[in-house]
Amino acid sequence: MNRKNTLVFVPVVLILALCLCYELTLRPLITQAYVGDAPEWFETAIKFLYPRFEIEKERFDVTFFLSRADQVLYRFTVVSIIFSTVFYLVKTSATFQIKLNDFWNRETSKKNIAVLRVLFYLSLIYIFYDAYTDLILLYNAKAFYKPVLLLRLLHIGYPAHIQSLLIFIGYAGSCLLVVFNVLPVLFSVLSAAFLILVEGLFFSFEKIDHGFAPLTYAALIFPLLLYQVKKTDDEKVNGWPLRLITVCIALVYLMSACEKLLLSGIKGISMESFRLFLHLHNTPLGLIMAKNNLLCTLLPGMALLFQATFVLILFFPRLKVFILSAGITFHVMVYLLFNIGALVHPWVLSYMFFIDWTFIAPAAKKLNINLLR
Amino acid sequence: MENKLKYFIITSTLILIILPFVLLTDLFPFLRFGMFAEPVKVEAQKEKFIVSYLINNKETEFNPKEAGIGDNTFYYLARNYYYRKEANNFLEKTANSVTIKTKEWRLKRIVFRDDKQLTADTSTVAMLIL
């Protein structure tokens, strides 16, 4: 068997084997788990992967969970096929390799990264400027503390007041040091670690706020961008980490759209669903909007279209202004209609990564702003 | 070598970002995004929980901020505890989180009969006598 055939054959066999294994063993185990009759290892796996199972099984029948499990299999199959195809093309097509390298290896200027560094780490301070007071307040409710998996694995309990203060100083301090370009790689890693710790503590009360995710992903990747700056003396830098941040943000929107279509289908954007959500969230503007049939028909479809097509920003830079304006409108509307998020939403702050800030550097120099070193 | 490391980091990051979408669950710090993705006709979206306590035989609605917790999180917890059949445990934890001097705590569940929340059935689902 030649190399090309192996690259096709192996993933296909693996995916088929998994589907067979799921149909013959895992699917029946879900029915058993629903009636509390599954083997211990499977119950443990469910607690680990799907902690809401105990709550949801009181509300839904077994078909709900079987359909969810089927979804996992479908999604896994589709994602595996996409990854395998990309891998196959990388190994077999020189043209594809060149295009892939072109996509990832976009150069960016050190000035752009310097402006982004200042804006991004100031944004991180801004989104959690009140983290210390919130950590202290939540201490009263520590009886409800149920650490997220990562904190559970690290055996991190809810911090006492002094520990909360140290965490906040560590977080804000490391962000500020990156802003002032003091050992930026080291302190950007530290600030990402503290950010995850702070978020982990807030999310350990059984409710996760998804609003900070793009900035968190960016915080995890940004140290690589600062490392790129450090390792070269040239003004131009290989900006692949910046590209990776923008890809992650675009993927988040795309996955949101897919999630809606896969779970609710076209009903998810129906006028009735939208109107019901407006009534449930009960905001003044939302209640006015709920009376308008045309808007209740158009808005959910437009929101889905925006989420599904945001990814175009990666391939058509000319659409940048239009897509980012649509994004700002989308988040402002979500805030006004559903009271979710804020007017200055962290997702909107993450749009800074789509802008080339090189143009700002000369102006900053005139103003003698030394942060942009 | 450097190129391989770069693509290894890119691939690993993308897998981690996509994994919650595939498994339909949050794997903090990597999250699943599904705002308004679930079908709307589920009971959880037509119900509300309220915690109250008695002072001088007068029922007062509890403000979650007194326990240092936001409204959304508090009632999300209430729903979780209720469906896990741990409503009394929830009231005990609430009572221990505040300094309110009361002898009776109640958890109430309101189920709306229509989409506009004009009519509803209210029932006390747990009661804690101290």
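Taken together, the values in this text are just the output of simple stated rules run on the coordinates, not laboratory data. Computed from a predicted model, the values in this text were never measured in an experiment. Neighbour counts are summed over all protein chains in view; Cβ atoms, including those assigned to glycine, are modelled from backbone coordinates with ideal geometry.
Near the amide H of A:Ala38, under 5 Å away, which other amide H atoms are found, from residues 5 or more places off or on another chain, if H is placed in the peptide plane?
A:Ala33
Out of residues 5 or more away from B:Ala120 or on other chains, whose amide H comes under 5 Å of its own, with H placed 1.01 Å from N in the peptide plane?
Here B:Arg113 satisfy the definition.
Filter the GluC sites (Glu not before Pro) in segment A:209-297 to those in DSSP coil with at most 16 other Cβ atoms within 10 Å of their Cβ, and list the result.
Answer by residue number: A:Glu235.
Using mean Cβ contacts within 10 Å as the protection proxy, how do A:218-227, A:295-304, A:97-106 order, highest first?
A:218-227, A:295-304, A:97-106
Past 28 Å, Cα to Cα: identify those pairs from A:Lys260/B:Lys6; A:Lys47/B:Lys101; A:Lys111/A:Lys260; A:Lys110/B:Lys4, in the order given.
Among A:Lys260/B:Lys6; A:Lys47/B:Lys101; A:Lys111/A:Lys260; A:Lys110/B:Lys4, the Cα-Cα distance tops 28 Å for A:Lys260/B:Lys6; A:Lys47/B:Lys101; A:Lys111/A:Lys260.
For helix B:87-97, what angle does its Cα long axis make with the longest principal axis of chain B, in degrees from 0 to 90 and rounded to 10?
It works out to around 90 degrees.
With a cut-off of 8 Å between alpha carbons and a minimum separation of six or more residues, what is the relative contact order of segment B:46-129 in percent?
Details: 126 pairs, mean separation 29.5, N = 84.
Relative contact order, segment B:46-129: 35 percent.
Using a simple charge model, +1 on the beta-carbon of Lys and Arg, -1 on the beta-carbon of Asp and Glu, nothing else, what dipole does chain B show about its Cα centre, in debye to the nearest 20? Present the calculation step by step, with values, prior to reporting the outcome.
Values: 19 positive and 15 negative charges, 20 e Å.
Using only the charged Cβ atoms, the result is roughly 100 debye.
Going 7 Å from the Cα of A:Glu272 toward and past its Cβ, which residues in segment A:283-305 have a backbone nitrogen under 18 Å from where you end up?
Inside the label zone: A:290-301.
Could you name the aspartates and glutamates whose alpha carbon sits less than 13 Å from that of B:Lys58, not counting residues in the same chain fewer than 8 places away?
Excluding near neighbours in sequence, the set is B:Glu104.
Mind checking which aspartates and glutamates have their C-alpha under 17 Å from A:Lys231, skipping anything on the same chain fewer than 8 residues away?
A:Glu107, B:Glu2
In a shell of Cβ-Cβ distance under 11 Å around B:Phe62, excluding B:Phe62 itself, what net charge do Lys and Arg (+1) and Asp and Glu (-1) give? The partial results should precede the final answer.
Numbers: positive: B:Lys65, B:Arg106, B:Lys108; negative: B:Glu59, B:Glu61, B:Glu66, B:Asp71.
Its environment carries a net charge of -1.
If you place +1 on the Cβ of every Lys and Arg, -1 on the Cβ of every Asp and Glu, and leave all else neutral, what size is the dipole of the protein assembly as shown about its Cα centre, to the nearest 20 Debye?
Computed charge dipole of the protein assembly as shown: roughly 1000 debye.
In sequence order, what are the phi-derived ³J(HN,Hα) couplings for segment A:260-268 according to the Karplus relation 6.51 cos²θ - 1.76 cosθ + 1.60 with θ = phi - 60°, rounded to whole Hz, with x for glycine and proline?
Listing the rounded values in order: 4, 5, 6, 8, 10, x, 6, 4, x Hz.
Along the charge dipole of segment A:3-104, pointing to its positive end and built from +1/-1 on Cβ of Lys, Arg, Asp and Glu, which listed residue (A:Phe103, A:Gln71, A:Thr6) has its Cα farthest out?
Highest projection toward the positive end goes to A:Phe103.
I'd like the mean, over residues of B:79-91, of how many other protein chain beta carbons sit within 10 Å of each residue's own Cβ.
The per-residue average across the peptide is 3.
Taking the dipole about the Cα centre of the protein assembly as shown, with the C-beta of Lys and Arg at +1 and of Asp and Glu at -1, give me whichever of A:Val178, A:Leu276, A:Asn339 is farthest to the positive side.
A:Val178
For n ≥ 4 DSSP H runs only, could you compute -39500 (n - 2.57) per run for chain B, divide by its residues and tell me the 222 nm figure to the nearest 500?
-11500 deg cm²/dmol
Count charges around A:Leu29 for me, please; just the other residues with Cβ under 12 Å from its Cβ, Lys/Arg as +1, Asp/Glu as -1.
Combined, the nearby Lys, Arg, Asp and Glu give -3.
Can you compute 3J(HN,Hα) from phi for each residue in segment A:49-54, using the Karplus curve 6.51 cos²θ - 1.76 cosθ + 1.60 with θ = phi - 60°, rounded to whole Hz and x for Gly and Pro?
So the J values, rounded to whole Hz, are 8, 9, x, 7, 4, 4.
Relative contact order, percent, of chain A when contacts are C-alpha pairs under 8 Å separated by at least 6 residues?
This gives 18 percent for chain A.
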